[in-house]
Structure formats: C-alpha cells, structure tokens
There are 2 protein chains.
Amino acid sequence: MTKMKNNTVCQYKLIASRDALAVIQGKWRIPIIISLTYGNKRFGDIQKDIQDISPKMLSQELKTLEEYKIISRKLYDSMPVMVEYSLTPLGLSLHKLLDELLNWGVHFRDEMVGKKKGGKTKN
Amino acid sequence: MTKMKNNTVCQYKLIASRDALAVIQGKWRIPIIISLTYGNKRFGDIQKDIQDISPKMLSQELKTLEEYKIISRKLYDSMPVMVEYSLTPLGLSLHKLLDELLNWGVHFRDEMVGKKKGGKTKN
DNA sequence: CCGAATCCTGTTTGATACTG
DNA sequence: CAGTATCAAACAGGATTCGG
C-alpha cells in the first residue's frame, strides 16, 4: 500500500469501512455484543443489560448478528425452552475495535464536559 | 475498575459505547471523516471521494459533525465562494478507532469470502 | 420463559431541481 | 462552487398480541 496514491488508499478504506459498518451499524448491535462479552447469556439476561431494548428489536438484531456469524444461538430443549447466545470467534475478533470505541467514547465525553458549550445533546 | 462487578462494568461500557455511537452513527459520518484524513477538503472534493452521497446528506452530516466538534469549516470569501473542511483535534483522535474499524472490515470480508455462504449481502 | 407476528409511527435517507 | 428546498421512499423502532 506504500506506493499507492492517496485517493486510491482512500477508496480502499471507504470500502473497508462500509463492510464493517454494515455489520455493526445500528443502535443495538454494539450494545448486544458488549453484553455478550461478559459471558454467554440468555434472551432475558441481555434484556436486563440493555434495559430500553424491546423484545422485538432484540430478537431481530440477534437474528441479524447470527446471520453475520458474529454470535451463535444454542437451543436447549428443556422445559421451558432455554436459549443461550454467545460470541463466535468472529464476534470475539471485534474486541479491539470495541475497546477503541469505548476509549473514544470516554474521551469524547471528557472533552464535552470540559467545554460544555454547543454540541448536540441528543436526548 | 478492577474491583467492580461484571454487571457494573458492562453498564459502564454500554454508556461509553452509546456516547461514541451517537457521534459516529450513520451511513455517512465515518466515510466523511475518512475522506478528511487525507487532507483538508472542499465540499466537492468530499463528494468526489464518496460518490453516492447526495449534496443534501453531505451538507447535513457535515453540519452535525461540526456541532460535535469533529470537523471545522473555514469559509474563504473569494469568488466563487470556497469552503474548506478539516478535522479538529477531536476528529483526529478518532484515528485509532478508524484503524481498528478498517482492519476489522478487511478481516470480516476475508472471513466471508472464505465461507461464502449465508450472511447478509444487504444490497 | 423466549420469542414470533402484526400493525403503526416518526425519523433517515434519497432524487431532483434550484439558488447565491 | 457550495449548498437549499421539496417531496417521496425506506427503514428503524415501538406497542401490542399471541404461541410453544
């Protein structure tokens, strides 16, 4: 990549970022993945972590993440039924990215508190 | 943080991730920031990098990113008018996060090409 | 307990044309 | 060149109800 022109590199990166964004985009996917980094969990457990998610969204996003091979779903045929979700190796490979995201989130908040003015509060 | 319980840490991380996501969420913000890492650019230059963005979305997202202090806007009062966008220090501080995002995007694509099956193509 | 199915709403995004 | 304005489409998200 060292010999490529800036514009070519930029295009390459734009594509890579889109691939990544397609997977983790949305309000709930990152939170769900974070919740699952603390061990395998059941539907209700995740709901407890992310209190403002509706069952519909949780169900829907779990399904999508499963299609992307980020998480896996294990059904125990007990009574009542029990389902356990966990991160796949691909899901685990997000860990460094998540770390940076969290670091930056904290950094951003510090900056905003320091300056206090302007910026979007967005709820 | 070493002494905190898993659940507390999880909640803490969920909040940090939301702070970060509020800023970089959306289809266009990351691409715009990536485009600007290759030097200060004008409106039309960014449009050339991101070919499928509409002027409306570009304008709107630039405005939002400016409010978040991620980028800054400089108006040169020439004829015709010229505007230059650049990353602020806060915007530059996203660089490690972006790197990880790109790395993961490439990794993800490799995985998907290897397996080939399932997964969402999404378009 | 763990969801699926349905219906409904508001926000996001987009296409296109237009302006200083 | 650097955007606005307008209108339409798409999608995310919520409320509620139902089933194994």
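The values are calculated or read from the model by the stated rules, or taken from the named source; none is laboratory data. Please read all numbers here as calculations on a predicted model, not as lab measurements. Because the Cβ atoms are built from the backbone with ideal geometry, glycine has one as well, and the counts that use them run over all protein chains shown. For the accessible areas, the whole protein counts, side chains as well, though only heavy atoms, and no ligand, DNA or RNA atoms are used. Shrake-Rupley method; radii C 1.70, N 1.55, O 1.52, S 1.80 Å.
Worth a mention:
- Each residue in the range A:76-91 was checked for being part of a helix (DSSP H, G or I) and either more than 14 Å from the chain's Cα centre (by Cα) or free of Cβ contacts under 8 Å to residues at least 24 places away in the same chain (or both), and 2 pass.
- Residues considered: A:48, A:69. Of these, the only one that is modelled with pLDDT under 95 and out of contact with any Leu (no Cβ under 7 Å at 6 or more places or on another chain) is A:48.
- Residue B:73 meets all of the listed conditions (1) in a loop (DSSP other than H, G, I, E, B); (2) more than 9 Å from every other protein chain (Cβ to nearest Cβ) but one, namely (1).
- Considering residues of the range B:54-70 that are in a loop (DSSP other than H, G, I, E, B) and open to solvent by 10 Å² or more (accessible area, probe 1.4 Å) only, the residue farthest from residue B:26 (Cα to Cα): B:69
- Residues in the range B:34-46 that are within 12 Å of DNA strand D (Cβ to nearest atom) and in contact with a helix residue (DSSP H, G or I) (Cβ under 6 Å, 6 or more places away or on another chain): B:46 alone.
- Filtering the range A:71-86 to residues that are touching a strand residue (DSSP E or B) at 6+ places or on another chain (Cβ under 6 Å) and open to solvent by 90 Å² or more (accessible area, probe 1.4 Å) leaves A:73, A:74, A:75.
- For residue B:89, the criteria (1) at pLDDT 95 or above; (2) of a type outside the set (Phe, Trp, Tyr); (3) surrounded by 15 or more Cβ atoms within 10 Å (Cβ to Cβ) hold in every case but one, which is (3).
- Positions within the range B:30-53 being within 13 Å of DNA strand C (Cβ to nearest atom) and either of a type in the set (A, V, I, L, M) or crowded, with 20+ Cβ neighbours inside 10 Å (or both), in sequence order: B:30, B:31, B:32, B:50, B:53
- A search for C-beta distances below 7 Å between a residue of the range B:106-120 that is at the interface with chain A (Cβ under 7 Å from one of its Cβ atoms) and farther than 14 Å from residue A:18 by Cα and any residue that is part of a helix (DSSP H, G or I) and modelled with pLDDT of 75 or more, counting only pairs 6+ apart in sequence or on different chains, returns B:111/A:90; B:118/A:67; B:119/A:67; B:119/B:112.
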